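All of the numbers you see were taken from the coordinates with simple rules; none came from a lab. Since the structure is predicted, the reported quantities are computational estimates derived from the model, not experimental observations. Glycine also receives a Cβ, built like all others from the backbone with ideal geometry; neighbour counts cover every protein chain displayed.
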Amino acid sequence: MAVIEARSLSKAYSGKPAVVDLSFTVQPGSVTGFLGPNGSGKSTTMRLMLGLDNGAGVTTFDGTTFRDLTTPMRQVGALLEAKPFHPTRKARNHLRMLAGANNIPDARVDEVLDLVGLSSVTTNKPKNFSLGMGQRLGIAAALLGDPHTLILDEPSNGLDPQGINWLRNLLKSLASQGRSVFVSSHLLSEMALLADSLVVIGRGHLITSGPVADFISASTRTSIVVRTPDMTTFGPALAGRGAHVVTAADGSYSVTGLSQEQVGDIAHQVSVRLHELRTQHATLEEAFLEATGMSQEFIGYEPPGSQASGASGESR
């Protein structure tokens, strides 16, 4: 199975940087989510990885660039845009054309059509497909060569809830087989269920990469909830260790700057009674919005008192 290594990827359009010295690694056996605000350069990054855009840097798949792969479709499957097919060619024939060019038997065509749920429309023309059906056909094409690596740009776009659930299970199953799965999405609640690791960018720059759990725990929205009748003693002890304590409306206290274990140890050291001690984790959406707040390119008006609750789509 292939390790994806992207090193110093860079690209500018008309002098405006789209991707800037971007480096990251995608490990096999996992789903790595690719996140960023609108216009952050995710699609451009994926095109650079596959050699479809001219730019600086290099991406290798177990040490080999995409252009140097001997049988690329059998090694790396990609979906970079919705409905990537000739509109008048029948669905099965579209895949047969791709299969023939890569010495893939027709039996595999029928296998992937069944896998993505399009067996009943194999003789239909994709120009009449819905966006979701087009995405399924694009996923079928990416899977056609049974590749060890998948690079998918917004594959859930246009899918209904059942389709999103199907895709999540499919990608997790493929990763469990040891494949490398690199997928972008703006459905943060879905990414929280799907991804093992994240690569997060903003304005073409790397913000962070690593396990999802680490990204969430690093957010200031993650706090330790404490309930105690001895806060007059406990508060100064926590502050002395660098913690920040805020009183909540329900009478509990929100502690940041320390782990749950550290808070518990301090309580023991100063003989404080704890009626509640737990970690209140941030959501992936909260952590993402906090990490990328200064990297948004397009910011709309928010009515007074409202809070942002999601991220918009990407232009490139």
Which one of Leu95, Ala18, Ser223 has its Cα pushed farthest toward the positive end of the charge dipole of the chain, where Lys and Arg give +1 and Asp and Glu give -1 at the Cβ? Leu95
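To the nearest 500 deg cm²/dmol, what mean residue ellipticity at 222 nm is calculated for the chain from DSSP H runs of n ≥ 4 alone, each contributing -39,500 (n - 2.57), summed and divided by the residues?
Values: 11 runs with 104 residues, N = 316.
Result for the chain: -9500 deg cm²/dmol, rounded to the nearest 500.
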How big is the Rg/Rh ratio for the stretch 223-280, C-alpha atoms only, Rh by Kirkwood, two decimals? 0.89
The simple spin-label model distance between Asn124 and Gln269, using points 7 Å out along Cα→Cβ, in nm, is 6.6
Quick one: what do you get for the chain if you divide its Cα Rg by 2.2 N^0.38 Å? 1.19
If neighbour count is taken as other Cβ atoms inside 10 Å, put Arg67, Arg168, Arg89, Arg273 in order from fewest to most. Arg67, Arg273, Arg89, Arg168
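Provide the gained length on full extension for the span Ala12 to Thr88, in nm with one decimal, where the gain is 0.36 nm per separating residue minus the Cα-Cα distance. Write out the running numbers ahead of the final one.
Working: separation 76, 0.36 × 76 = 27.36 nm, distance 3.48 nm.
That works out to 23.9 nm of additional length.
Sort Val3, Val226 so that the residue with the fewest other Cβ atoms within 10 Å of its own Cβ comes first and the one with the most comes last. Intermediate values should be presented prior to the final figure.
On the way: Val3 14, Val226 26.
Ascending Cβ contact count within 10 Å gives the list Val3, Val226.
Where nothing but the Cβ of Lys and Arg (+1) and of Asp and Glu (-1) is charged, how large is the charge dipole of the chain around its Cα centre, in debye to the nearest 20?
Details: 26 positive and 28 negative charges, 201 e Å.
Around 960 debye, computed over the chain.
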Pull out the extension gain between Leu52 and Asp250, defined as 0.36 nm times the separation in residues minus the alpha carbon to alpha carbon distance; nm, one decimal. 65.8 nm
Pull out a ≥ b ≥ c, the square roots of the eigenvalues of the alpha-carbon gyration tensor of the stretch 56-189, then state rounded if a/c is under 1.5, prolate if not and a/b is larger than b/c, and oblate in the remaining case. oblate
